[in-house]
Amino acid sequence: MANRCAIIGVGQTAYKTKRLDVSMAGLLREAARRALEDAQLTWKDIDAVVVGKAPDLFEGVMMPETFLAEALGAAGKPVMRVHTAGSVGGSTAIVAAGLIQGGVHDRVLTIAWEKQSESNATWALTVNSPFTTSLVVGAGGYFAPHIRAYMRRSGAPDHIGTLVAVKDRQNALKNPWAHLKIPGISREMVESTPMLWEPIRYLETCPSSDGACAMVLASEDAAKKAPAPPAWVHGTAMRSEPMQFAGRDTVSPQGGKDAAADVYRQAGISDPRRELDCAEVYVPFSWYEPMWLENLGFCGESEGWKLTEAGATAMDGDIPWNPSGGVLSSNPIGASGMIRFAEAALQVRGQAGEHQVDGARRALGHAYGGGAQFFAMWIVGSDKP
Amino acid sequence: MPRPVAVVAFAQTEHSGEDRGMAEIEILAPVITEIKERTGQKQFGFTCSGSCDYLAGAPFAFVSALDAIGAWPPISESHVEMDAAWALYEAWVKLQHGDIDTALVYGFGKSSQGNLRAVLTQQLDPYHLAPLGIDAVSLAALQARAYMERSGAKEDDLRAVAARSREAGRGNPFALHLPEPEGDDYDVAPLHPYDVAPVTDGAAAIVLAAGDRARDMCERPAWITGIDHRTEPHAPGVRDLSRSDSARVAGERAGATGIEVAELHAQYTHEELILREALGLGEDTAVNPSGGPLSANPMMAAGLIRIGEAAARVHDGSASRVLGHASSGPCLQQNLVCVLSGENHG
């Protein structure tokens, strides 16, 4: 049986199109220092550092954890670099939690980041190896056909994606770190923006952000000394499946279903919609909210869009999704998964500020990556598991 | 007390010093097939890999590898953008949780498809070091100079390391078969071409298992009695390049004493001498009997191969206390030490 793991510190940077005032090292240090301050710890209290970010081509630096060692206070300590595509922020937190649960360390700093202004992510996502032909441009080009398949399969009306885009941007107005803050955001505004990849409109897609997110994870003993209430890890799961496989359901991937079933089992949850108080779910294109509602078992097949349409996932709904504004409002790709995990922790610690869900005691953090083939999830709670 | 976990199987490619016209996953796939056949396992409790996108010059090297290993039904899986020795560490940690009993670890790299030493320049601090265009061999030469000045070692001492490694490599069916070191020309002084590990394509895989499962899968498992890794600052000006403090600390924490065979991820001859000193390896320790990275250095797999080669000495009964080492970053910035034992644990 694994040891208990607590989240005792969370730190985020403001997410912006360009952070020209800091280097990559400066950006990471900002998030890490805030996480340490939250836990009232210093660099020397940290036993190990686990770093995550998406492909090195995003900034043009190979294995950047090597040059970041000093900035992360890591000299003399173990450092690992996790990379699982878009799910990496979540996977990184899970690897760090594993160091606590496996009894290897007492306090681990985990940090994920992307400084996309130093390169061009859409270009980096479009480069293919010489052995295959790139048929799409960027992530939107890859995911649009799967969204269309979902619409056809579920009978969802055209406006569902618009509703999610509005809802998440409204939530973002309450989040001090959020990148996109669009006062007066409305359906008309979203529908008036250009179509990028049918059916994805400009305001139904995520921004390209600079930013970092950090957490201090602690063993049960170390968590006793934490100044603020910790969030406890109730379960973690990672699943991967092949990208090229004729039997794959790319609309509702088996890997996502399996990871959800695993993490619910660990947390003792049989009805996620009823037993979870909120969820931070990786929704980079608005249509992924109804798709993931089904994939994560919050409702039956072809029912997800009905939950969205009925307002179930809004702040005042029965299961708020992405109170922070989500990936649609801030997307430093490598960090986006960890932000979901960290925001879930903030909710159950009661520290989510204006976007706090009242009385949240159990929350889901979720991330996905690659061709919707990598999944990372955790469930955190205010009570010890 | 950590849960007893052992290396129970190891497989590697016949490494190549030149492009054989295969994609990375074509290099990797036979190794995965072999290790599944060898262990009789199709699925593992956890899978973790190490690779690097910059070797392919395109993002997501690990994604196509996942297609090659047959991840269906979906598997519990992760990836480090590091040498696969760190993937093994992640898998070892996962096995400590107690809810899984087996893990598959693999690493692969095709260095021949680019200019490796130029590619490695992109690993340096992008604001200060990389724009200078300093390449990996030039940085290594700085370290070699610092070591030789402190220790009094001569170029002939480095050549002796190359000669011993290459001779051992010629006896290893998986390594490149390189001639006796000769010639006075420098690559970057004081390093001669033979002081530098050859550009190599290849892949490797290891299976870890815990407790009784390890005993079921392997006649003489190589039990991991200690594993630790440490980093040092990146900037070459703020550390003593003539020593490897991170290797020393990792070795101490992993309990690296009484070692009969050490497989060191020394990519330059002087690195072996620095690492021997840092790990306290005396004359009675056989170093790199496989030929080491100086005889075959497939990037992102070479560190994992060190652990596999060390474990193989336990598996075949020729040694009972061995060490595998991996490094990452310029001038031995990061070091991982894994101590393995043939004595029954757990």
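Any read-out appearing in this document is the output of simple, stated calculations on the displayed coordinates, not a laboratory observation. Predicted model only: the values in this text are computed from it and were never measured. Positions of Cβ are generated from backbone atoms using ideal geometry, with glycine treated the same way; all protein chains shown enter the neighbour counts.
Looking at the stretch B:21-58, which GluC sites (Glu not before Pro) are DSSP coil and have at most 13 other C-beta atoms within 10 Å of their C-beta?
none
Helices from chain B with mean Kyte-Doolittle at least -1.0 and a Cα length along the axis of 15 Å or more, per DSSP H: which?
Result, helices passing both filters: B:24-39, B:84-96, B:136-151, B:269-279, B:302-315.
What relative contact order, as a whole-number percentage, does chain A give when Cα pairs under 8 Å and 6 or more residues apart are counted?
Across chain A, relative contact order equals 26 percent.
How far is helix A:254-267 tilted, in degrees, relative to the longest principal axis of the Cα atoms in chain A, given as a value from 0 to 90 rounded to the nearest 10?
Helix A:254-267 sits at roughly 50 degrees to that axis.
Considering every residue in B:89-98, what mean count of other chain Cβ atoms within 10 Å of its Cβ is obtained?
Mean partner-chain Cβ count within 10 Å for B:89-98: 5.
Please report A:Val82, A:Val51 as a ranked list, fewest other C-beta atoms within 10 angstrom at the top and most at the bottom.
Ordered from fewest to most neighbouring Cβ atoms within 10 Å, A:Val82, A:Val51 come out as A:Val51, A:Val82.
Would you tally the net charge around B:Tyr89, using a Cβ to Cβ cut-off of less than 11 Å, leaving B:Tyr89 out, and scoring K and R as +1, D and E as -1?
Value of the local net charge: -2.
Can you give me the relative contact order of the stretch B:304-346 as a percent, contacts being Cα pairs under 8 Å and 6 or more apart?
37
Distance cut-off 22 Å, Cα to Cα: go down the list A:Lys53/A:Lys77; A:Lys16/A:Lys53; A:Lys16/A:Lys174; A:Lys257/A:Lys306; A:Lys53/B:Lys36 and report the pairs above it.
A:Lys53/B:Lys36
For a quick check of your reading of the filter: which trypsin sites (Lys or Arg not before Pro) in the stretch B:1-47 sit in a DSSP loop and have no more than 16 other Cβ atoms within 10 Å?
Here the trypsin sites (Lys or Arg not before Pro) that fit, given the DSSP loop and packing criteria, are B:Arg20, B:Lys42.
Might you report the magnitude of the Cβ-based charge dipole of the stretch B:109-231 about its Cα centre, with Lys and Arg at +1 and Asp and Glu at -1, to the nearest 20 debye?
400
Using Cα-Cα distances under 8 Å and only pairs 6 or more residues apart, what relative contact order does the stretch A:45-183 have, in percent?
That works out to 24 percent.
So which lysines pass the test for A:Lys224, namely a Cα distance under 20 Å, with those fewer than 8 places away in the same chain ruled out?
Of all the lysines, those that pass the test against A:Lys224 - Cα under 20 Å, at least 8 places apart if same chain - are A:Lys44, A:Lys384.
Positive end of the dipole of the protein assembly as shown, charges at C-beta (+1 Lys, Arg; -1 Asp, Glu), about the Cα centre: which of B:Ala235, A:Trp232, A:Val327 has its Cα farthest in that direction?
Farthest towards the positive pole: A:Trp232.
What angle do you read, to the nearest 10 degrees and between 0 and 90, between the alpha-carbon axis of helix A:24-39 and the longest principal axis of chain A?
So the helix axis and the longest Cα principal axis differ by about 70 degrees.
What whole-number distance in Å separates the alpha-carbon centres of the stretch A:223-243 and the stretch A:302-349?
Computed from Cα coordinates, the inter-centre distance equals 17 Å.
Find which of B:Ala302, B:Ala319, B:Asn288 sits farthest along the positive direction of the dipole of the stretch B:275-319, computed with +1 on the beta-carbon of Lys and Arg, -1 on that of Asp and Glu, about the Cα centre.
Highest projection toward the positive end goes to B:Ala302.
With label points built 7 Å along Cα→Cβ from the Cα atoms of A:Glu188 and A:Val137, find their separation and express it in nm.
3.0
Nearest 10 degrees, 0 to 90: what angle lies between the long axis of helix A:88-101 and the longest principal axis of chain A (Cα atoms)?
Compared with the principal axis, the helix lies near 40 degrees.
Order of B:62-69, A:88-95, A:137-144 by packing, highest average Cβ count within 10 Å first?
A:88-95, B:62-69, A:137-144
Quick check: convex hull over the Cα atoms of the stretch B:1-73, volume per residue in Å³, rounded to an integer?
Here the figure is 141 Å³ per residue.
Towards the positive end of the charge dipole of the protein assembly as shown, with charges on Cβ (+1 Lys, Arg; -1 Asp, Glu), say which of B:Val8, A:Ala367, B:Ser76 has the farthest Cα.
Going by the charge dipole, the pick is A:Ala367.
Taking every residue in B:115-127, how many Cβ atoms of other protein chains lie within 10 Å of its Cβ, on average?
Mean partner shielding for this stretch: 4.
Calculate the dipole size of the stretch B:215-256 relative to its Cα centre from +1 charges on Lys and Arg beta carbons and -1 charges on Asp and Glu beta carbons; express the result in debye to the nearest 20.
40
What is the dipole size for the protein assembly as shown, taken about its Cα centre, with +1 at each Lys and Arg Cβ and -1 at each Asp and Glu Cβ, in debye to the nearest 20?
Computed about the Cα centre, the dipole is about 1520 debye.
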